[in-house]
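K.L.:
The structure's right below; bear with me while I get my questions together.
The values are calculated or read from the model by the stated rules, or taken from the named source; none is laboratory data. All values derive from a computational prediction rather than experimental measurement. All Cβ positions, even for glycine, are placed from backbone atoms using ideal geometry, and neighbour counts span all protein chains on display. SASA here: full protein model, heavy atoms, side chains in, ligands and nucleic acids out. Shrake-Rupley method; radii C 1.70, N 1.55, O 1.52, S 1.80 Å.
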Amino acid sequence: MSSFLHLNLGNTLLQPSLSTQQHNPFAKDSQQCYIHPVVLFSILDHYLRRNSTQDNVIGTLLGIQSDDGRVVEVRSCFAVPHFENEEQVEMDMDYHHQMYQLHSRVNQKEVIVGWYSTGKKLSKYAPLIHDFYTKQATAVGGARATAATPTTPAGMGLGQQTTQPTTGFSPVHLVVDTDMTDNQLGIQAYVASLVGTEKNPENSIFLPISYEVQYPNAERSALDVISKAKDAAAQGGDGDPLAPLVADMDHLEVAIKQLVEMLDRVSSYVQRVCDGVAEPNNVVGKYLVDMLSYVPRIDASQFEGLFQTHLQDLLMIVYLSNLTRAQLDIADRLQRIM
């Protein structure tokens, strides 16, 4: 089909890869990668929904990057249909472009920052596929196709900062081990570098880079719920493990308890430093000063009064909402009787 990117491997050999973990001492330090948990869940969902004839899946990584291209934040991804055997690999380019155009309508700040694949190690077709994504990521606006395909609208970069190609940016290749080796989800991040005198995709060597999984507040709340379901399954409950959603007041209580625990931990650390028991850390001290500068100076009794007033207003709104719901329910039943 003409809509597929058709690549022949020939007799080329892939350079041996280096396995990397989050803090690999051999990792390339010139680029840092941050990954959102929703990306990993999307990759796992794609792998579970694959065709029975497929061993691995691939897809496009979307996110933002710094002006110099050294910091990449992977925020989302989407699957790309592909087929591979011992001699060739095919991927649906039209599907890739259509999905990226649809995604750009929702979030224009996210651009193509790389691609992912599943497996324990790099695929032998990784250099060829990576070359395709390199052209996609370095095109104007981060989404211009190659000469054989129609172009997508330009200007889909990160605001006004990355609307032009970023110099020195190398797409990230994320390899996810879905076999759960050693009961862990193995994650490896790579960037490709050309070696030799001829600039052919086959002459690429993949270098591991450091990565970090970020947990925004919204995603952290969802992960906490999933963690509770996992704990319920570990306790040997019957049926599917369920984790009920926490009510607003209960969530507020849990958040306040966590805040008190963090304040106690910080106060204990500061007291141990003042007593000479613990060695002072300039970085930690800077963070504490920055944090305290954002806290308004207010009397404790005045703060408690403001908090109680706000809490009472919140409870009154909840009470009025429940009262209105009850009145509407009664009116609806009376209307049915009459």
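K.L.:
What number of residues within the range 79-135 are of a type in the set (Lys, Arg) and either buried (at least 19 other Cβ atoms within 10 Å of the Cβ) or under 13 Å from residue 62 (Cα atoms) (or both)?
P.N.:
Here the count works out to 1.
K.L.:
Please go through the range 74-99 and give me each residue that is touching a residue at least 12 places away in the same chain (Cβ under 8 Å) and polar (S, T, N, Q), ordered by number.
P.N.:
76, 88
K.L.:
A further question follows. Looking only at the range 283-296, decide whether some residue is among the aromatic types (Phe, Trp, Tyr) and open to solvent by less than 90 Å² (accessible area, probe 1.4 Å).
P.N.:
Within the range 283-296, not a single residue is among the aromatic types (Phe, Trp, Tyr) and open to solvent by less than 90 Å² (accessible area, probe 1.4 Å).
K.L.:
Taking the condition in a helix (DSSP H, G or I) and at pLDDT 75 or above, does residue 210 pass?
P.N.:
no
K.L.:
I need the full set of residues from the range 44-67 which are touching a Gly at 6+ places or on another chain (Cβ under 7 Å) and either crowded, with 21+ Cβ neighbours inside 10 Å or in a loop (DSSP other than H, G, I, E, B) (or both), in order please.
P.N.:
Residues satisfying the conditions are 56, 61.
K.L.:
Can I ask one more? What pairs come out if I take residues in the range 185-204 that are over 28 Å from residue 47 (Cα atoms) and modelled with pLDDT under 85 and pair them with residues that are open to solvent by less than 60 Å² (accessible area, probe 1.4 Å) and acidic (Asp, Glu) whose C-beta lies under 9 Å away, six or more apart or interchain?
P.N.:
Within 9 Å, the pairs are 200/131.
K.L.:
Within the range 272-282, track down each residue that is out of contact with any Asp or Glu (no Cβ under 8 Å at 6 or more places or on another chain) and either surrounded by 10 or more Cβ atoms within 10 Å (Cβ to Cβ) or of a type in the set (Phe, Trp, Tyr) (or both).
P.N.:
Passing the criteria: 272, 274, 278, 280, 281.
K.L.:
Continuing with the same structure: Tell me yes or no: at least one residue of the range 300-307 is open to solvent by less than 90 Å² (accessible area, probe 1.4 Å) and within 21 Å of residue 250 (Cβ to Cβ).
P.N.:
Yes: one or more hits.
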